[in-house]
1. Output the number of the condition that SER184 fails; it satisfies all remaining conditions of (1) at pLDDT 90 or above; (2) surrounded by 15 or more Cβ atoms within 10 Å (Cβ to Cβ).
2. Can you confirm whether region 153-161 contains a residue that is among the aromatic types (Phe, Trp, Tyr) and surrounded by 14 or more Cβ atoms within 10 Å (Cβ to Cβ)?
3. Out of the residues in region 47-76 that are buried (at least 17 other Cβ atoms within 10 Å of the Cβ) and not aliphatic (A, V, I, L, M), state the one that is nearest to the chain's Cα centre (by Cα).
4. Check region 94-106 and report whether any residue there is closer than 20 Å to SER14 by Cβ and either open to solvent by 60 Å² or more (accessible area, probe 1.4 Å) or among the charged types (D, E, K, R) (or both).
5. Quick check on region 40-62. Is at least one of its residues within 30 Å of SER183 (Cα to Cα), in contact with a strand residue (DSSP E or B) (Cβ under 6 Å, 6 or more places away or on another chain) and of a type in the set (Ser, Thr, Tyr)?
6. Could you check region 49-167 for strands (runs of 3 or more DSSP E) lying wholly inside it with 1 or more residues that are out of contact with any Lys or Arg (no Cβ under 8 Å at 6 or more places or on another chain)?
7. When ALA132 is evaluated against the numbered criteria (1) touching a Pro at 6+ places or on another chain (Cβ under 7 Å); (2) under 16 Å from PRO18 (Cα atoms), which criterion, by number, is the only one it fails?
8. Kindly provide the set of residues from region 19-46 that are among the hydroxyl-bearing types (Ser, Thr, Tyr), without any contact (Cβ under 8 Å) to a residue 40 or more places away in the chain and either exposed (fewer than 12 other Cβ atoms within 10 Å of the Cβ) or within 30 Å of TYR188 (Cβ to Cβ) (or both), ordered by number.
Amino acid sequence: ENIDNTAPTAPSVSGTTPTNDTTPTWSWSTGGGGNGTYRYELDNSDLTSGATQTTDTSYTPGDNISTGTHVLYVQERDAVGNWSLSGSRTIVIDTTAPAITGTTVTSNNASIAVTFSEAVYNTSGGSGALEASDFSLTLSGGTATLSSATPSSISSSSNTYTLALSLSGTPNGTETITVVPSSSTAIYDAVGNAASTSQSNNTVTLNDKTAPTITSFSSTTTNGS
């Protein structure tokens, strides 16, 4: 009598990560040696009890699952009942929109550095470098005006994007510039969460570049001090 104690090879499990889909799909394929019968469980590596047995090769949760990290474990059985080791796939669910975390202005009022909570793009899915038209600027105050509603150029390093300013007039130290995405579909993170046009930490005060001048002088004594 031949006794078969050789388990199949663990299945190969796949799935898109990171994602903002709260019902993501995991798929798998045989690793070899099995008969196409699988069992799987979400966020539990012990499949000896409570696992779902199936001949399907994918799993999509029927209800929304929480944001964060989730792991699906999958095993395959052979014809005599040996179960393979688990194949697994980790999917990270991110539904948090990118946000502006800080803004600074250069000493000569030539540019504003805008920092986001994560890397951002002008197309959903983590592609498309930001452009000037993806931002909108609003100036408040009386002595300086923007030559355009959007910055004239942009460059990026890490999560900080430098917006070149073009001002007319002389800031007196009281004007502020508010920076927001130009629309609700202008700026995204890598998984497609869009940055809101309602932001905080996104206002800078322009530097006062007006040099002081003497407007008058007087002496209490003729030829005195």
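The values are calculated or read from the model by the stated rules, or taken from the named source; none is laboratory data. Values in this document were obtained by computation on a predicted structure and should not be read as measured data. Cβ placement follows ideal geometry from the backbone for every residue including glycine, while neighbour counts extend to all protein chains displayed. Each accessible area value is taken on the protein alone, full model and side chains, heavy atoms only, with ligands, DNA and RNA left out. Shrake-Rupley method; radii C 1.70, N 1.55, O 1.52, S 1.80 Å.
1. Unmet for SER184, out of (1) at pLDDT 90 or above; (2) surrounded by 15 or more Cβ atoms within 10 Å (Cβ to Cβ): (2).
2. Yes: one or more hits.
3. If we take residues in region 47-76 being buried (at least 17 other Cβ atoms within 10 Å of the Cβ) and not aliphatic (A, V, I, L, M), then HIS70 is nearest to the chain's Cα centre (by Cα).
4. yes
5. no
6. Correct list: 68-77, 87-93, 100-105, 111-116, 135-140, 144-146, 154-157, 160-164.
7. Of everything listed in (1) touching a Pro at 6+ places or on another chain (Cβ under 7 Å); (2) under 16 Å from PRO18 (Cα atoms), ALA132 misses just condition (2).
8. Passing the criteria: THR25, SER27.
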